[in-house]
Amino acid sequence: MKIFCKAALATVALAAAAHASAEITFYQQEHFQGRSFVTERRVGNFERFGFNDRASSVTVTNERWEVCEDARFSGRCMVLRPGQYPSLGAMGMNNGISSARNIPVDQRVDRRRYAPEPARVAAPAVGKIALFAQEGFGGAAFTTQESMRNLNREGFSNRASSAVVVGDDAWEVCDDERFSGRCMVLRPGQYPSLSAMGMNNQISSVRELERGARVDDRRYAPQPVAAPDYRRR
């Protein structure tokens, strides 16, 4: 189970970079803003993960998902096709989702159960970094496309154990606020463990580096796992 906390525009491609299987991401605010929760598995009760009745927008990758207003897939339910749903208000589900499960590819669904057609899932237009509380891209996480001088304000200071960088540019991560203290530069890709670079539970600020910026080779973190380029699909 993976939980993402994000403060950026749609980040479906970012999640896909870390996981290739079917996923659904719930955002606390419309247009994919604020804290969010992402999972690959059925969730019978969002209360367990602190996200009950909090979703205002959703992104779905690869497979259909059923979302329900009550726990254990009961009450009013709707089926979401893969794509982006910038507002759940249009379907009467804003702050109303309590459980969700993916639907097998071969399972037939009554057309009346489907939500309105979603927007097409798009690749990110700008670089982003996601910080995860557990190694292997698990647990609570925070994603941003903007510089963060103090992650404590977002409730994510000294919590990151893995990271994903999407886009063409590198990001600088530092163990003190305002980009001070010990800093390392992360190239685009996946970092399943920050322990190897001595940054586990140490990151307090992050910022994207300008393209073409000169960086001392000693500041770079070990080479990441390559992230797929979904813009070419």
Legend entry - Qualifying residue in the stretch 134-156 (condition: part of a strand (DSSP E or B) and without any contact (Cβ under 8 Å) to a residue 40 or more places away in the chain): yes
Legend entry - Unique residue being β-branched (Val, Ile, Thr) and either at pLDDT below 90 or assigned to a loop (DSSP other than H, G, I, E, B) (or both) when the list is Val58, Val105, Val79, Val67: Val105
Inset, instruction - May I ask you to list pairs of residues, at least six apart or on different chains, whose Cβ atoms are under 6 Å apart, with the first in the stretch 45-60 being closer than 12 Å to Tyr27 by Cα and the second being of a type in the set (Asp, Glu) and modelled with pLDDT under 90? - result: Ser56/Glu30; Ser57/Glu30
Legend entry - Sole residue being touching an Asp or Glu at 6+ places or on another chain (Cβ under 9 Å), closer than 19 Å to Ala119 by Cβ and of a type in the set (Lys, Arg), chosen from Arg76, Arg81: Arg81
Inset, instruction - From (1) of a type in the set (Asp, Glu); (2) without any contact (Cβ under 8 Å) to a residue 24 or more places away in the chain; (3) crowded, with 17+ Cβ neighbours inside 10 Å, pick out the condition that doesn't hold for Glu66. - result: (2)
Legend entry - When residues of the stretch 146-173 are limited to those that are surrounded by 19 or more Cβ atoms within 10 Å (Cβ to Cβ) and more than 17 Å from Met199 (Cβ to Cβ), the one modelled with the lowest pLDDT: Gly167
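May I ask you to list the residues in the stretch 124-136 that are modelled with pLDDT under 85 and under 17 Å from Val38 (Cα atoms)? Lay out the reasoning, then the answer.
Taking the stretch 124-136 and keeping what is modelled with pLDDT under 85, we get 124-128.
If the condition is that a residue be modelled with pLDDT under 85 and under 17 Å from Val38 (Cα atoms), then Lys128 is the only one that fits.
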Legend entry - The one condition in (1) surrounded by 14 or more Cβ atoms within 10 Å (Cβ to Cβ); (2) without any contact (Cβ under 8 Å) to a residue 12 or more places away in the chain that Arg112 fails to fulfil: (1)
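Take the stretch 157-208 and flag every residue that is part of a helix (DSSP H, G or I) and of a type outside the set (Phe, Trp, Tyr).
Across the stretch 157-208, the qualifying residues are Glu177, Arg178, Ser195, Ala196, Met197.
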Legend entry - Residue match in the stretch 84-95 (condition: in contact (Cβ under 8 Å) with a residue 12 or more places away in the chain, buried (at least 22 other Cβ atoms within 10 Å of the Cβ), outside the structural domain of Val225 (by TED's automatic domain parsing) and small (Gly, Ala, Ser)): no
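Checking the structure you have, find out if any residue of the stretch 206-219 is at positive phi, surrounded by fewer than 20 Cβ atoms within 10 Å (Cβ to Cβ) and in contact (Cβ under 8 Å) with a residue 40 or more places away in the chain. Talk me through it step by step, then tell me what you get.
Step one: filter the stretch 206-219 for residues at positive phi, giving 212.
Still in the running and surrounded by fewer than 20 Cβ atoms within 10 Å (Cβ to Cβ): 212.
Restricting the remaining residues to those that are in contact (Cβ under 8 Å) with a residue 40 or more places away in the chain gives none.
Among the residues of the stretch 206-219, not one is at positive phi, surrounded by fewer than 20 Cβ atoms within 10 Å (Cβ to Cβ) and in contact (Cβ under 8 Å) with a residue 40 or more places away in the chain, which makes the answer no.
Here are Phe32, Phe49: which of them is assigned by TED's automatic domain parsing to the domain that holds Ser99 and either buried (at least 22 other Cβ atoms within 10 Å of the Cβ) or out of contact with any Phe, Trp or Tyr (no Cβ under 8 Å at 6 or more places or on another chain) (or both)? Spell out how you get there, then give the answer.
Details: Phe49 fails: either buried (at least 22 other Cβ atoms within 10 Å of the Cβ) or out of contact with any Phe, Trp or Tyr (no Cβ under 8 Å at 6 or more places or on another chain) (or both).
Within the list Phe32, Phe49, the selection yields Phe32.
The values are calculated or read from the model by the stated rules, or taken from the named source; none is laboratory data. Keep in mind it's a predicted model, so treat the numbers as computed, not measured. Positions of Cβ are backbone-derived with ideal geometry, glycine not excepted, and every protein chain shown enters the neighbour counts.
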